[in-house]
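Shown next, in structure tokens, is the structure this report addresses.
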Amino acid sequence: MSSSGAYGPSPRATTGPSSTATPGDMGRFEKTTDRMPDWVDLVGQLTPSELRVLAVLCGNPGCTNSQLAELLSVTESCVEFHLRNIYRKTGAHGKVCLLLVCKDLGFDRVATKFIPPHLAAD
């Protein structure tokens, strides 16, 4: 039986506190209080390409899909494809919700580790 909490079903059982958010509000990933950082579940669910898109989005939250595509040197349809997959995997319903999930899980603090070297700040 899977665990359920602040952000809906979690890929692993947790003992985290519940939040005032309802299961569909923020996505599928639960806050946890165990030793593993919250963002690890998120990273484990995404492909390397999805992680790059998400990391660049976290570093440039106001970017359009076209701007993200230019930063990543891919097509806009490629960015849209990866974002759809990220939304599906996280349960987020758009960029704002996705960025809130990332902030809540702490992914925004480690996102730079997933940005391609040619995009990382010197």
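The values are calculated or read from the model by the stated rules, or taken from the named source; none is laboratory data. Being a predicted model, the structure only gives us computed values, none of them experimental. Please note: Cβ atoms are built from the backbone with ideal geometry, for glycine as well, and neighbour counts cover all protein chains shown.
Please specify each residue of segment 51-68 satisfying the condition of being in a helix (DSSP H, G or I) and among the polar types (S, T, N, Q).
Scanning segment 51-68 gives ASN65, SER66, GLN67.
Report, by residue number, each residue of segment 41-51 that is modelled with pLDDT of 90 or more and not small (Gly, Ala, Ser).
Scanning segment 41-51 gives VAL43, GLN45, LEU46, THR47, PRO48, GLU50, LEU51.
Across segment 80-119, what is the number of residues that are of a type in the set (S, T, N, Q) and touching a Gly at 6+ places or on another chain (Cβ under 9 Å)?
So in segment 80-119, the residues of a type in the set (S, T, N, Q) come out as 85, 90, 112.
Okay, now just the ones that are also touching a Gly at 6+ places or on another chain (Cβ under 9 Å), so 90, 112.
Qualifying residue count for the region: 2.
Of everything in segment 58-115 that's among the β-branched types (Val, Ile, Thr) and touching a residue at least 24 places away in the same chain (Cβ under 8 Å), which residue is surrounded by the fewest Cβ atoms within 10 Å (Cβ to Cβ)? Lay out the reasoning, then the answer.
Pass one, segment 58-115, residues among the β-branched types (Val, Ile, Thr): 64, 74-75, 79, 86, 90, 96, 101, 110, 112, 115.
Now restrict to residues that are touching a residue at least 24 places away in the same chain (Cβ under 8 Å): 79, 86, 90, 101, 110, 112, 115.
Values: VAL79: 24, ILE86: 24, THR90: 25, VAL101: 25, VAL110: 17, THR112: 14, ILE115: 20.
Ranking the candidates gives THR112 first.
Which residues, taken from segment 69-92, are in a loop (DSSP other than H, G, I, E, B) and within 12 Å of the chain's Cα centre (by Cα)?
Across segment 69-92, the qualifying residues are GLY91, ALA92.
Determine whether segment 109-118 contains at least one residue that is among the charged types (D, E, K, R) and touching a Phe, Trp or Tyr at 6+ places or on another chain (Cβ under 9 Å).
yes
Inspect segment 18-32 for any residue being closer than 18 Å to GLY106 by Cβ, modelled with pLDDT of 90 or more and among the acidic types (Asp, Glu) and give the result as yes or no.
No, segment 18-32 has no match at all.
Run SER66 past the list (1) within 16 Å of the chain's Cα centre (by Cα); (2) at pLDDT 95 or above and report the number of the one that doesn't hold.
SER66 satisfies all of (1) within 16 Å of the chain's Cα centre (by Cα); (2) at pLDDT 95 or above except (1).
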